Amino acid sequence: MRAALTALTDELQRLKTAGVKHVSVSAESLATLRRAVGAGRQEPVGRRQETGDRRQEESASVKVAPIAAALSTEKNPRLPPPVSRLPAPPELALPAGEKRTRWDALLALVQNDPVCREHVRPGKKVVLGVGHLDAQIMFVGEAPGAEEEIQGEPFVGPAGQLLTKMIQATGLKREQVYIGNIMNWRPELPVSGGGEQYGNRPPTEEEMRYCLPYLRAQIDVVNPALLVALGSTAAQGLLGFGAFKALGDVRGRWHEFAGKPLMVTYHPSYILRNPTNRSKRMIWEDLLKVMERAALPISEKQRGYFLEK
Ligand code: URA
């Protein structure tokens, strides 16, 4: 989306230089631009470029100010009002009892949440976390992507397959950990004729705030010993918006969320884009810290993973 906005501003600049004074824009396109600009305004930290399923982890500036100014309703009172905002985050009350009973109740709540349902396209699913309800380690990602919203399960696409391998490298099975996301629906992008969404965008701060009670409730039910945030969006959601400039500032260190130790590391899609031993080793070193804190056995072989060039 950032690339599309930059291309648009460049083209407008080119037309202006060429002497063009007016361009006509449909109401639909205006609404789409507003949504994109709004998303840009709400996520000040680490805006990343869309490349396939997730984006770069480091921060970059967004060149949307001219569009934002041009589309401001204050300056253009005749423009349609901005897209509606989300209501306050839900206050969730789970029944007392067994973990399974409480988790099932939570699943019913999220699946019936009118805001979540409204943001899921026909035939696609609201996504809650998955895994062992007595897991010691809970991984927290960003948001469902194309595969996840079809299957209704987090991390089942390419990034998920890599996450599964990362988990296996620690000596655990995917079924032994819990895997959740900050978001319960796939953040929408405008769709073309066929109605399918291509690409993903990071959730806005408001979207993450809305979904956060569902993640807190999962932490409450599972009660893991440790949390691992995958990528800068998840880290922002858990550490607070504006808490850091670049993921490198906070990764590989212990933080805290909901009273639990929280390790921040890269999103597996970062490795998909940079499949070098160096980037694999960076994530692996973070996971070694998680294994140490979780008192998992670590062999010499495991300690040396991805050290060779
Ligand atoms: N990336 C995420 O952050 N979450 C998913 O569920 C899938 C990909």
List the residues, sorted by chain then number, that are 5 or more residues from residue 228 or on another chain and whose placed amide H is less than 5 Å from its amide H.
138, 139, 140, 263
Quickly work out the residue 165-to-residue 246 label distance, labels modelled 7 Å from Cα along the C-beta direction, and quote it in nm with one decimal.
2.6 nm
Please report the carbon-and-sulfur percent of the accessible area for segment 99-303; probe 1.4 Å, protein heavy atoms only, DNA, RNA and ligands left out.
49 percent
In the structure displayed, which of 124/245; 173/280; 245/301 lie more than 30 Å apart, Cα to Cα?
124/245; 245/301
Post the alpha-carbon centroid distance, segment 138-211 to segment 252-309, in whole angstrom.
19 Å
If you plug each phi of segment 172-188 into the Karplus form 6.51 cos²θ - 1.76 cosθ + 1.60 with θ = phi - 60°, what whole-Hz ³J(HN,Hα) values come out, in order, with x for Gly and Pro?
9, 9, 3, 5, 8, 10, 10, 10, x, 9, 5, 9, 9, 9, 7, x, 7
First check a/c for segment 78-226, with a ≥ b ≥ c the square roots of the eigenvalues of its C-alpha gyration tensor; if it is under 1.5, answer rounded, and if not, answer prolate when a/b is larger than b/c or oblate otherwise.
oblate
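The values are calculated or read from the model by the stated rules, or taken from the named source; none is laboratory data. These numbers were taken from a predicted model, which means no experiment stands behind them. So basically every Cβ, Gly included, is an ideal-geometry build from the backbone, and we count neighbours across all protein chains shown. Note: accessible area is taken over every heavy atom of the protein model, side chains too, but ligands, DNA and RNA are not part of it. Shrake-Rupley method; radii C 1.70, N 1.55, O 1.52, S 1.80 Å.
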